[in-house]
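The structure under discussion appears below in the form of structure tokens.
Please treat every number below as a calculation from the coordinates, not as lab data. The model shown is predicted, which means the values in this text are computed figures rather than measured ones. Using ideal geometry, Cβ is built from the backbone for each residue, glycine included, and neighbour counts are taken over all protein chains shown.
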Amino acid sequence: MKIKIGITGQQGFIGKHLYNTLGLSPEEFERIDFNRNFFEDQQELVNFVAQCDVIVHLAALNKHNDPQMIYDNNVALVHQLITALESVQSKAHVIFSSSSQEERDNPYGKSKKVGRELFNNWAIKSGGKATGMVIPNVFGPFGHPYYNSFIATFCHQLTHHEQPKIDSDGLIKLIYVADLVQLIIKEIKQAKGNSLLEIAHTEELKVSTILLLLEKYNEQYVKLGIIPEINNRFELNLFNTFRCYMDIKNHYPVKYTQHTDARGVFVEIIRLGTGGQVSFSTTVPGITRGNHFHTRKIERFSVIKGKALIQLRRIGTTEVMDFYLDGNEPAYVDMPIWYTHNIKNIGDEDLYTNFWINEFYDPIDADTYMEVV
């Protein structure tokens, strides 16, 4: 039996990552779609709740000009959800995203603590299950700048020709959004409930240390096309986060510098601060390769002969970006994570393509998911 899972805040930062990751295991999970308008129509909310074995409650307000509005809104959402659960006598497992700000004297932290306690009380009375996850600062691709995290803000500013400023250079406890999603999925599978589940941070770094790394990525990767040195998993996650804030439409394709003399042409394909695997392919006219995406890999397609159409589409969206490349002017396009991509030979001769990826291919853990662009 598939586990039926609904996510309030499905369109938010963590919600989208959780929704998309659950979609990678359709044999295990059935996603029950949530619309933010359900909180404005109690019957719609009741219908949603009635379908769910598990509800991950992520919907919340964390910034507003009126601090009291943050508290009132977040507590009201919890009450509405509990009312809907009670109306259908649901015994669902509710996973509530609380925050490490619970103990701080601010409306957001207070609203999270109250919400967690309300769900625990509901579970005791109803026979359902409740898990209150106390979560540190979360970062990752597609977070909203000036809202979700300072890392999102810094990435946006650097890729849009602005200089970030540090207000307070303290130590920040962090967790990458993909790691948090895996912990949520683990809790879904265990189905036990836990009134207070404190999620451990995976990194603790100063704001200035993170900014220095992001500035390096901007200088080396955006301006020079160099894959920067990546020393650990945190730096890989940070770099992949940074890449997703670039103006992809206008940045690619990037043309190579050609060095021409009597012997012919020399083109430098890639400068690496990290390892990986380089491959080469020929593609006959009319054939398309790819139509898949990655969740952690860094990948570069370099067209060196022939004519190609490279297409990208972010998972969960419909907009397709088209990039036309010609071997007469060698160029490359890098593949952001969570973007399905392909390459098609649109010319009359064989297409020659150089592929670089930052890790060796492992058929057991390929990080490759098929989806047509």
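A few remarks follow.
- Put the Cα centre of the range 258-275 next to the Cα centre of the range 26-100 and the gap is 55 Å.
- Rounded D (µm²/s) - the range 122-199, Kirkwood Rh over Cα pairs, Stokes-Einstein at 37 °C, 0.692 mPa s: 220
- Distance in nm between pseudo-label sites at THR209 and VAL267 (7 Å out along the Cβ direction from Cα): 4.0
- Order by protection proxy (mean Cβ within 10 Å, highest first), peptides 34-41, 7-14: 7-14, 34-41
- Seen from SER126, the other residues with C-beta closer than 13 Å to its C-beta sum to a net charge of +2, counting Lys and Arg as +1 and Asp and Glu as -1.
- For GLY273, the residues 5 or more places off, or on other chains, whose built amide H falls under 5 Å of its own are ILE227, GLU229.
- Translational diffusion of the range 66-198, estimated by Stokes-Einstein from the Kirkwood radius over alpha carbon pairs at 10 °C in a medium of 1.306 mPa s, is 96 µm² per second.
- Whole-number D in µm²/s for the range 18-115 (Stokes-Einstein; Kirkwood sum over Cα pairs; 20 °C, 1.002 mPa s): 147
- More than 16 angstrom apart: percent of Cα pairs within the range 302-372: 54
- Residue by residue, the range 259-270 carries 3J(HN,Hα) couplings of 10, 10, 8, 5, 7, x, 10, 10, 10, 7, 7, 7 Hz when phi is fed to the Karplus relation 6.51 cos²θ - 1.76 cosθ + 1.60 (θ = phi - 60°); x denotes Gly or Pro.
- Amide hydrogen neighbours beyond the local backbone of LEU196, cut-off 5 Å, H modeled: GLY132
- Cα-derived Rg to Rh of the range 169-209, Kirkwood definition: 1.12
- Local charge for ASN35 was computed over the other residues whose Cβ lies under 10 Å away, with Lys and Arg +1 and Asp and Glu -1, and equals -3.
- Distant alpha-carbon pairs in the range 231-304 (separation over 17 angstrom), percent: 65
- Here the Karplus relation 6.51 cos²θ - 1.76 cosθ + 1.60, evaluated at θ = phi - 60°, turns the backbone of the range 278-290 into coupling constants of 10, 10, 9, 9, 10, 10, 6, x, x, 8, 10, 10, x Hz, with x for every Gly and Pro.
- Once backbone amide H atoms are built at 1.01 Å from N, GLU203 has LEU174 as its partners under 5 Å, excluding neighbours fewer than 5 places away on the same chain.
- The helix-only estimate of mean residue ellipticity at 222 nm for the chain, built from DSSP H runs of length n ≥ 4 each weighted as -39500 (n - 2.57), is -9500 deg cm²/dmol after division by the residue total.
- Sites GLN42 and MET1 - FRET efficiency at Förster radius 35 Å, r taken between beta-carbons, to 0.05: 0.75
- Here the chain has an Rg and Dmax of 23.2, 84 Å, counting Cα atoms alone.
- For the range 248-370, the alpha carbon positions stretch 47, 31, 28 Å along the principal axes, listed from largest to smallest.
- All Cα pairs of the range 176-284, percent lying beyond 19 Å: 64
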